[in-house]
Amino acid sequence: MSDLIYLYGAYTIVWAGVFFYILKLHIAQRKLENEIKMLREILNGKKSKKNL
Amino acid sequence: MSEKILVAKDITKSFGRFQVLNGINLTIKRGDRYILFGSNGAGKTTLVKILSTILPADSGELTLFGKKIERRSKDIKAMIGFMSHEPYLYNELSARENLNFYASLYSVKDKKERVESLLKEVGLYHRSHDKIGSFSRGMKQRLSLARAILHAPDIIFLDEPYAGLDIRAQEILNDLIIRLNQKGKTFFFITHDIGKGFEIAKRSGVLSKGRIVYEVEGGEKKAFSEKYREIIREETG
Amino acid sequence: MNAVKTIFLKELMVEFRSKQMINSYFILSLMIITSFRFAFSVIDFSLTQLASPILWITFFFGGMFSLSPIYKREIEQGTREGLLLAPISPSSIYLGKFLANLLVISCLELFTLLIFFVFFPVDTPDLLALLTLVAIGTIGIVALGNIISAISSNLAQSEVMLPVLLVPVLLFTVIMSSVSATSNVFAGAHLLDVMQEIKFILAFDVVFLAVGYLLIDYILED
Amino acid sequence: MTLKNNIASLILGIAVISILISIYLALVYTPSHETMGDVQRIFYFHVASAWISYLAFGVTFVAGLLYLKSKDLKWDTVAYGSAEVGIIFCTLAIITGSLWGKAAWGVFWRWEDIKLFITLVLWLVFIAYLALRANAKSRISKANLSAVFGIIGFICVPLSFAANRIWQQYHPTVIATSRGSLQASMAFALVVAVFAFTFLYAYLLLTRVGIEKMRETIEEIKQLIGGQNV
C-alpha cells in the first residue's frame, strides 16, 4: 500500500502545477489589463488637451 | 539623365514595435549624386540597406532598373554597389585576395585585369600583397570603394563613407566619386555630417522621423544647413 | 556552384591564416583525451566498452567549439553584409562553409584519432568501418553545427547558447547512433553488421543538410 | 474582445467539467489494475500530459513554418505560447512518469525506456528554444531564429525515436513491464482525460497568446504617448 504515496504525489503535482500556471497567467492578465486601461486614459487625456 | 533607376514608394520598416521608416518616397535618376542627411537614429542606415536589397521592407514598393524587387533578386544585386563605414573586407586576406574573392562572387569577367586596374585607381597597388589587417582606416575605405565598384555597378550606395577618414582620404574619396559619376555612375549617399558631403551633391534631402521631409536640387550650403538645423531642432523638441 | 567554390576557398584561406578553429580543436581534444585517460587510470575499466563514447565525446566537443567562430567572425568583422549584398543565394554560403569546415574538421579528427589510439589502444578489426562511421558522423556534426553556429552568432551570449542549442539536437541523434555503431566496431563488428546505424546516421545527415540549405536564408537575415 | 473572452470562458468551462469527470473516472469508475493496483491510476493524467506536450510542440513547429512562410508575427506569438505551455505539460509528464516508474519498476528513471527518453529530449529541445528566445537581439531575429530552431528540434524527434530502437539492441534489455491490455473502462477514462487536457491546453494557449498580445498593445500605446510628447 505504501506505493499509493506515488499516486498522491503524482496527482498533487499535476493539479498543483496546472493550478499555479493558470493563477500565474491570470495575475499577469489582470496586471496588463490595468496597465492598458491606465495608458489609454493618459492617451485620451492628452488628445483632449490638444483639442482644446 | 532621364532614366529613373530607383523608385521607392511608401517604404515602411519597423523593428518589432519600433517604427523606423514611415513611408519613404524617393526617385533617383541615372547620373544623380543624391545625398540624404539625417541625425543619428533617423533611419538612414535602415533605408540604405533596404534600397540596396540587404534588408526587406515591411511594406511599400521598391523598383530598381524598372524591376520590382523581390526577395533576393540576384540579377539586380549584380547592378548594385555598396560602400559602408564597415569595409566588408577580411583582415586575414591581402588587398588583392579580398578583391579577387568579391570578383568571383560577382562573376566579374577579366577578373585579373579588373582587380589590377582598380588597385591602381585607388592607389593601393604597391600594398596589394599585404594583409589588410595592417591597413589604416583610410586605406581600408579606399579598398572598400574598389570592392564596391568592382563589378561595374550602375548605382553605388554609400553609408557614412567619411566616418573616420582624414582630410586627405576624404579628398581622394570625393575625387574618385566625381570621376566615376562623370563616367555615368549614379551615387546615393547618407551621412549626418553636412560639412563633408554637401559640396559634391547634385541633389540633397533630409530624413527625419522615418520620412524624407525636405529635398533640394543644388542650392546654397548655408541655406541648406540652416534648414537642416531647423528640422533637427523640431525633431528633438 | 561557382559561388560555393569561392566561399569554400575563402573560408579555408581565412581559417589557415587565423587558425581560430584549428587551435581550439587541438587544445580541446587533447585535453579531453588525456583527462579521460587519467580518470580511467585510477579505476579498472573495459577499454572496448568505454573507447567509443570517449572518442565521440571528443569529436563532439571539439567540433562544437571549433564551429563557433565560423559565422561569428563574419559578423564581428562586418563582412556578413558583404556576403548578403553579393548576387549569390544564401544556400551557397551555407554549402561553401559546410564543405570547408568538413575538410578542416575531418583532418583534425584523423589526427585526434591517432592520439586516441596511442592513449586507448583498442582492437579495431575493421578499420574501414570505423573510418566510414567517423566520416558520416562528422558530416552530421558539421552540417548541424553550421546551422546552430549561424543561429547562435546572432544571439546574446553566443558562446553559451551554442552548446545549449546544439546538445539536445545533436547528442541524441548523430552522436548516440555513432557511439552505438562504433562500440560494435570496437567489439569486432564489420561494416555490414552496422549497416542499420549507418543508414540512420546518413538520414540525419540528409535532414540536417536539407534544413540548413533551405532555412539559412532566414537565419542570416537580420 | 468580449467574443474572444466568451470563447475562452466556454473552453475553460468544458475543460473544468471534463477534468472533473475524468478525475471521477480515473479514481472511482475504473477498476484497480491487476498487477499494479491503484498506483496505475497515475497513468491517465500522465499519458494525457505527455500527449498535450507533443501536441503543443507540434503546434510550435507548424506555427514556426507558417511564420516563415507568411512573416506574420502573430504566428510567432502562437509558437512561443504553445512552447511554454508544452514545457509545463512536458515537465508534469516527466515527473508523473518517473513516479509511476518508481512504483512499477522500483526506479525513478529507466534510460532504456524509449518514451521517457524521447520526452526528455523534447523537454531539452524546447528549454533550449526558450533560452534562444530570451537571448535574441531583436523581435524579428527572435521570430526567425526560434522558428528555424523549433523546426530542427521537432523533426529530429521521430528520427531519434526510430534510431533509438537500434541502440536498444545493445543495451541489456530489462524485462518490459506489460501494462496488460487496457480494459474498456480504462481506455474510456484515458480518452476522457486526453479530451479534458486538450481543452485545458486550448484555454492556456489562448490566454498565453492573449497576454503576449496585450504586451504588444502596451508597447504600441507607449509609443503613441511618446510620439505626442513632441
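Choose one answer from C:S41, C:S66, C:S183: the residue with the largest mean-square fluctuation in a GNM of chain C with alpha-carbon springs under 10 Å.
Among C:S41, C:S66, C:S183, the largest GNM mean-square fluctuation belongs to C:S41.
Relative to the first principal axis of the alpha-carbon coordinates of chain C, what is the inclination of helix C:195-220, with its axis defined by its Cα atoms, in degrees from 0 to 90 and to the nearest 10?
With rounding to tens, the tilt is 20 degrees.
Report the C-B buried area as the accessible area lost on both sides summed, probe 1.4 Å, in Å² to the nearest 100.
Chains C and B together bury approximately 2600 Å².
Quantify how strongly other chains surround peptide D:66-77 by giving the mean number of their Cβ atoms within 10 Å of each of its Cβ atoms. Before the final figure, lay out the partial values.
On the way: counts 0, 1, 4, 0, 0, 3, 0, 2, 0, 0, 0, 0.
That average works out to 1.
Would you work out which of D:A104, D:W51, D:N135 lies farthest towards the positive end of the dipole of chain D? Charges go on Cβ: Lys and Arg +1, Asp and Glu -1.
Of the listed residues, the answer is D:N135.
Taking Cα centroids, how far is region C:153-207 from region B:130-181 in Å?
If we compute the Cα centre of each part, the gap is 47 Å.
For B:R114, what accessible area in Å² do you get when you roll a 1.4 Å probe over the heavy atoms of the protein chains, rounding to the nearest 10?
70
Quick one: which residues, 5+ away or cross-chain, put their amide H under 5 Å from the amide H of B:I5? H built at 1.01 Å from N.
B:I28, B:K29, B:R30
Provide B:D159, B:D58 ordered by accessible surface of protein heavy atoms (probe 1.4 Å), highest first. Mind showing how you got there, number by number?
Numbers: B:D159 5, B:D58 85 Å².
Descending order: B:D58, B:D159.
Rounded if a/c is under 1.5, else prolate if a/b is larger than b/c, else oblate: which is chain C, with a ≥ b ≥ c the root eigenvalues of its Cα gyration tensor? Intermediate results must be reported in sequence, preceding the final value.
Values: a/c = 2.13, a/b = 1.71, b/c = 1.25.
Cα axes put chain C in the prolate bin.
How high is the relative contact order of chain D, in percent, with contacts defined as C-alpha pairs under 8 Å that are six or more residues apart? Provide the component values of the computation, followed by the final result.
Numbers: 222 pairs, mean separation 78.5, N = 230.
Here the relative contact order equals 34 percent.
With θ set to phi - 60° and the Karplus curve 6.51 cos²θ - 1.76 cosθ + 1.60, what are the ³J(HN,Hα) couplings of region B:91-104 in order, to the nearest whole Hz, using x for Gly and Pro?
So the Karplus estimates, Gly and Pro as x, are 4, 6, 9, 7, 4, 5, 4, 4, 5, 4, 4, 5, 4, 5 Hz.
Quick check: the angle from helix D:184-229's long axis to the longest principal axis of chain D, C-alpha only, nearest 10 degrees?
That helix lies at roughly 20 degrees to the long axis.
Calculate the dipole size of chain C relative to its Cα centre from +1 charges on Lys and Arg beta carbons and -1 charges on Asp and Glu beta carbons; express the result in debye to the nearest 20.
Working: 10 positive and 16 negative charges, 78 e Å.
My answer is approximately 380 debye.
Obtain the nm distance between the two label points defined at C:D123 and D:I225 by a simple spin-label model: each point lies 7 Å from its Cα along the Cα-to-C-beta direction.
7.7
In whole percent, how big is the carbon plus sulfur part of the accessible area of region B:97-211, probe 1.4 Å, protein atoms only?
Values: 2260 of 4650 Å².
Accessible surface attributable to carbon and sulfur in region B:97-211 totals 48 percent.
Of the listed pairs B:K44/D:K137; B:K44/B:K202; B:K109/C:K19; B:K120/B:K140, which have alpha-carbon separations greater than 22 Å here? Show your work: numbers first, answer last.
On the way: B:K44/D:K137 20 Å; B:K44/B:K202 19 Å; B:K109/C:K19 32 Å; B:K120/B:K140 14 Å.
Over 22 Å apart, Cα to Cα: B:K109/C:K19.
Rounded to the nearest 10 Å², what accessible area does C:F26 have for a 1.4 Å probe in the complete protein model?
Surface open to solvent at C:F26 totals about 70 Å².
Per-residue HN-Hα couplings for region D:42-53, Karplus 6.51 cos²θ - 1.76 cosθ + 1.60 at θ = phi - 60°, whole Hz, x for Gly and Pro?
Computed from phi, the couplings for region D:42-53 are 4, 3, 4, 7, 5, 4, 4, 5, 4, 4, 5, 5 Hz.
Among C:I148, C:I43, C:I88, which one shows the biggest mean-square fluctuation in a GNM of chain C, springs joining Cα atoms closer than 10 Å?
C:I43
Using protein heavy atoms only (no ligands, DNA or RNA), what is the total accessible area buried between D and C, 1.4 Å probe, nearest 100 Å²? Walk me through the numbers before you get to the answer.
Details: alone 13310 and 10810 Å², together 21270 Å².
Summing both sides, the interface buries roughly 2900 Å².
Round to the nearest 10 and give me the degree value, 0 to 90, for the angle of helix C:2-18's Cα axis relative to the longest principal axis of chain C.
It works out to around 70 degrees.
Solvent-accessible area of B:K112, probe 1.4 Å, all protein chains present, reported in Å² to the nearest ten, please.
150
Sort B:H129, D:H33, B:H85 by accessible area with a 1.4 Å probe, largest first.
Details: B:H129 140, D:H33 15, B:H85 70 Å².
In descending accessible area the options line up as B:H129, B:H85, D:H33.
Nearest 100 Å² is fine: how much accessible area is buried between B and D, summed over both sides, with a 1.4 Å probe?
On the way: alone 11920 and 13310 Å², together 24570 Å².
Approximately 700 Å², summed over both chains.
For chain D, what is the calculated [θ] at 222 nm in deg cm²/dmol (nearest 500), taking -39500 (n - 2.57) for each run of four or more DSSP H residues and dividing by its residue count? Write down the numbers at each step before the final one.
Numbers: 6 runs with 182 residues, N = 230.
The helix-only estimate for chain D comes to -28500 deg cm²/dmol at 222 nm.
I'd like to know which of C:L85, C:S153, C:A189 lies farthest towards the positive end of the charge dipole of chain C, counting +1 on Cβ of Lys and Arg and -1 on Cβ of Asp and Glu.
Highest projection toward the positive end goes to C:L85.
Between region B:58-101 and region D:28-77, how far is it from one alpha carbon centroid to the other, in angstrom?
Using only Cα atoms to place each centre, the spacing works out to 47 Å.
Rank these by accessible area, largest first, 1.4 Å probe: C:F186, C:F119. List each step's numbers first, then the result.
On the way: C:F186 5, C:F119 65 Å².
Of C:F186, C:F119, the descending order of accessible area is C:F119, C:F186.
When DSSP beta bridges are limited to those with both residues in the protein assembly as shown, what percentage is antiparallel, rounded to the nearest 5?
On the way: 25 of 43 bridges.
Taking every DSSP beta bridge within the protein assembly as shown, about 60 percent pair in antiparallel fashion.
Helix-derived [θ] at 222 nm for chain B: sum -39500 (n - 2.57) over DSSP H runs of at least 4, divide by residue count, nearest 500? Kindly include the intermediate steps, with their values, before the conclusion.
Values: 8 runs with 83 residues, N = 237.
My calculation for chain B gives -10500 deg cm²/dmol from helical runs alone.
Can you compute the helix-only [θ] at 222 nm over chain C? Use -39500 (n - 2.57) per DSSP H run of at least 4 residues, normalise by all residues, nearest 500 deg cm²/dmol.
On the way: 10 runs with 177 residues, N = 222.
Value at 222 nm, helices only, nearest 500: -27000 deg cm²/dmol.
Could you compute the FRET efficiency for D:A131 and B:E235, with r as their C-beta to C-beta distance and R0 at 30 Å, rounded to 0.05? Kindly include the intermediate steps, with their values, before the conclusion.
Values: r = 39 Å, r/R0 = 1.29.
E between D:A131 and B:E235, to the nearest 0.05, is 0.20.
Taking the simple approach of a point 7 Å from Cα along Cα-to-Cβ for both B:D175 and D:S185, what is their distance in nm?
9.8
The values are calculated or read from the model by the stated rules, or taken from the named source; none is laboratory data. Quick caveat: nothing in here was measured; it's all calculated off a predicted structure. Virtual Cβ from ideal backbone geometry, glycine too; neighbours counted across all protein chains shown. SASA here: full protein model, heavy atoms, side chains in, ligands and nucleic acids out. Shrake-Rupley method; radii C 1.70, N 1.55, O 1.52, S 1.80 Å.
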